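Notes follow the structure.
The values are calculated or read from the model by the stated rules, or taken from the named source; none is laboratory data. None of the values given here were measured: they were computed from a predicted structure. All Cβ positions, even for glycine, are placed from backbone atoms using ideal geometry, and neighbour counts span all protein chains on display. Side chains are part of the model used for accessible areas, which takes the heavy atoms of the whole protein and leaves out ligands, DNA and RNA. Shrake-Rupley method; radii C 1.70, N 1.55, O 1.52, S 1.80 Å.
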Amino acid sequence: MTAAAGSIAVPVVVVALVGAIVVVQLLIIWSIKRHRDPDLRIECDAPIDELTPSLAGLSLGTAVDGNSVEVFENGAYFDVLFEAIRSAKLTVHFETYLWTEGVLGQRLAETLAERARAGLKVRVLLDATGTKKMGKGAERLLHAAGCHVVKFHDRSLRNIGVMNERDHRKLVVIDGRVAFVGGHCIVDTWLGDAQDKKHFGDVSVRLRGPIVNSIQSAFSENWAGETGELFVGDDVFPALDKAGDVTMHAAYVKPEGSAPAVKLLHHTIICLARKRIWIQNPYFIPEPEAIDAFGEAVKRGVDVRVMMPSTGGSDNPMVQHAGHRNFEKLLRCGVRLFEYPDTLLHQKVMTIDSVWCTVGSSNFDDRSFETNDEITLGIRDAATAKRLEEIFERYAPRCQEIRLEQWRKRGVGHRLIDNMYYLINEVL
């Protein structure tokens, strides 16, 4: 071998060695992150409203009785939220994914700051990516007033392995006694009443009763993870009396080696429905196993309907195109699909057999089910389910129902776009 050949061989060996190390590291990361997805087959004839303890247990929570649930829509939610924050006496815990500079953000910052200046403990947990446009003025106001503001997975070397994992939860806990959970973001387009493309539709709920301790636990999970602070005492975890007759549980944890709780919950209830599954979700991209489970539900006589925005109504048409990729299979299975053209319907709710329902932050896609931190409430209450079904029925007349024969005729260009975006659906 010549000297020149030897000098070439050394870099090749180095490159091969580095490549092997990278491959091994990727395999290690994959082995740590991987988990077995739920088997979407359940042998059970009991009605879903008798299975709340099972649903809570399978999704790694506990069903609690004695709660009240109030549903609030669109911009009216913020009037109730701000009133609750202003009435706080001890603590305010606020967690959100999306906050952009504007009228709503300024109003929220001023309300939180006022409570902090009044001597309350105000903890604000913000996703670093989703709130990067919240405005320096709002941040300065919060800090100057004494609010403890923390960014989830900020851009730093210590977070390089989890930068794609975002805190997508939207929740608020007041004095450990009142909680809010839902889909509302701190963006001016969430004001109004979904009357046009500049005003979105959404649903959140106000909770009282023992379930509030569970919501506080969800906040504590990421707060402790980011700050190391553990908070205790009656100002955050008080003993809570019954406030109503609703049984419910919260799904939010992401255990190693098992599917996240929100995925376990959503997939389990598909298998348990006997009469009706009505879904309202802005980003609907079910995996093949879930589509098959919807098809089995239809064979059992279940009325399966999904409402989502159209590409023209969505704030992210790429996600809608990714969802389109599986429309034909869903339609062949007997699932009815409705697209709303007028604005973004952002609510993430499901009703099952008109007696049980979910409300939360989770989209029906694997970014929410696998990657993001989310929270979904499982609620056994016919009155709440009815209220959510009424929302579905109110928007439905303005939807376009997708028909199988018509959908099969869509153009080649549409199909190519659908398949292209589906390839990257988990990072959209």
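When only Cα pairs under 8 Å and 6 or more residues apart are kept, what is the percent relative contact order across the chain?
Numbers: 897 pairs, mean separation 81.3, N = 428.
Reported relative contact order: 19 percent.
Expressed as a whole percent, the accessible area of the chain that falls on carbon and sulfur atoms is 56 (1.4 Å probe). Its Cα centre serving as origin, region 32-159 has a Cβ charge dipole (Lys and Arg +1, Asp and Glu -1) of approximately 1220 debye. Look at [x] 60, 54, 39; [y] 84, 57, 42; [z] 60, 53, 44: the one that is Cα extents along the principal axes in Å derived from this structure is [y].
Given the protein chains as shown and a 1.4 Å probe, how many square angstrom of Ile21 are accessible, to the nearest 10? Rounded to the nearest 10, the figure is 80 Å².
Rank these by accessible area, largest first, 1.4 Å probe: His266, His143.
Values: His266 10, His143 100 Å².
Output order, biggest surface exposure first: His143, His266.
Over all distinct Cα-Cα pairs of region 166-266, the Kirkwood formula returns a hydrodynamic radius of 15.5 Å.
Nothing charged except the Cβ atoms of Lys and Arg (+1) and of Asp and Glu (-1): what's the magnitude of the dipole of the chain about its Cα centre? Round to the nearest 20 debye.
Details: 51 positive and 56 negative charges, 161 e Å.
The calculated dipole for the chain is roughly 780 debye.
Suppose all protein chains stay in the model; what accessible area per residue would a 1.4 Å probe give for the chain, in Å²?
Per residue, the chain has an accessible area of 43 Å².
When shorter helices are ignored and each DSSP H run of at least 4 residues is given -39500 (n - 2.57), the per-residue value for the chain at 222 nm works out to -11500 deg cm²/dmol. Size descriptors for region 289-428, from the alpha-carbon set: Rg then Dmax equal 15.2, 45 Å. Each residue of region 169-175 is assigned a 3J(HN,Hα), and the resulting list reads 6, 10, 8, 9, 10, 10, 6 Hz, derived from the Karplus form 6.51 cos²θ - 1.76 cosθ + 1.60 (θ = phi - 60°), x at Gly and Pro. Farthest toward the positive end of the dipole of the chain, out of Pro317, Ala109, Leu377, is the Cα of Pro317, where the dipole comes from beta carbon charges about the Cα centre.
Output the DSSP H helices from the chain with an along-axis C-alpha extent of no less than 30 Å and a mean Kyte-Doolittle hydropathy no less than -1.0. Write out the running numbers ahead of the final one.
Numbers: long enough: 3-33 (45 Å, 2.26).
Result, helices passing both filters: 3-33.
Picking from Ile174, His143, Ala118, whose Cα lies most toward the positive end of the charge dipole for region 91-175 (charges on Cβ: Lys, Arg +1; Asp, Glu -1)? Toward the positive end, the furthest listed residue is His143.
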